[in-house]
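To keep things clear, I will list the structure first and then write my remarks on it.
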Amino acid sequence: MTNEHTEQASATDKSQYIDAAATGIETMYLTFAVGEEGYGVPIGIVTEIVGMQRIMSVPDVPRYIKGVINLRGKVIPLLDVRLRFGMPERAYDDRTVVIVLQVDDAPVGLIVDRVSDVVDIQPDQIDNAGFGSSDGRSVVSGLGRSDDRVTILLNVPVLVSDADIALQIPQSA
């Protein structure tokens, strides 16, 4: 590749980066895989991504609530997305991570098979496929088109707020 082509490619890369940064955080999604499917959550509610660690079991909760972790003094309930979606359980490996989200002033961790990347999906690239009930309580908020792939965008408050997963753990001061 000649210097002219290298400089041109570098300028193109920079302009794409600047354009993506200028669009704002509200159109950015953290994407991740569970099984063979790609999912996304709004990047604005993601507080961090951590590797798997010791999980303390909590009795009398649904199977997809794996328990809690203590993350720097904060107790965070963990929801295994694979089990929440009715997929078969699989052993956690070195790519399995916890995506810590802030939902309604409470932290919650989503256990996913692997994190993919952060993508910019504009509102006109999101299709409402009519999933869920008419009251808007679907776990799928839309289908986002980005390049040659489709990402299932999740309605996180619905995902973590079902009545059967109301896990209330007192926080120590």
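The values are calculated or read from the model by the stated rules, or taken from the named source; none is laboratory data. Just so we're clear, the structure is a prediction, and the values are computed from it rather than from any experiment. All Cβ positions, even for glycine, are placed from backbone atoms using ideal geometry, and neighbour counts span all protein chains on display.
May I ask you to list the residues in region 143-173 that are modelled with pLDDT of 60 or more and closer than 18 Å to Leu110 by Cβ?
Gly144, Thr151, Ile152, Leu153, Leu154, Asn155, Val156, Pro157, Val158, Leu159, Val160, Ser161
In region 70-81, which residues are crowded, with 18+ Cβ neighbours inside 10 Å and more than 13 Å from Gln53 (Cα to Cα)?
Leu79, Asp80, Val81
If you take the residues in region 95-117 that are free of Cβ contacts under 8 Å to residues at least 24 places away in the same chain and of a type outside the set (A, V, I, L, M), which one is surrounded by the fewest Cβ atoms within 10 Å (Cβ to Cβ)?
So the residue we want is Asp105.
Here is a yes/no grid of residues against (1) modelled with pLDDT of 50 or more; (2) touching a helix residue (DSSP H, G or I) at 6+ places or on another chain (Cβ under 7 Å):
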position	(1), (2)
Glu7	no, no
Thr12	no, no
Tyr17	no, no
Leu30	yes, yes
Ala33	yes, no
Tyr39	yes, no
Ile43	yes, yes
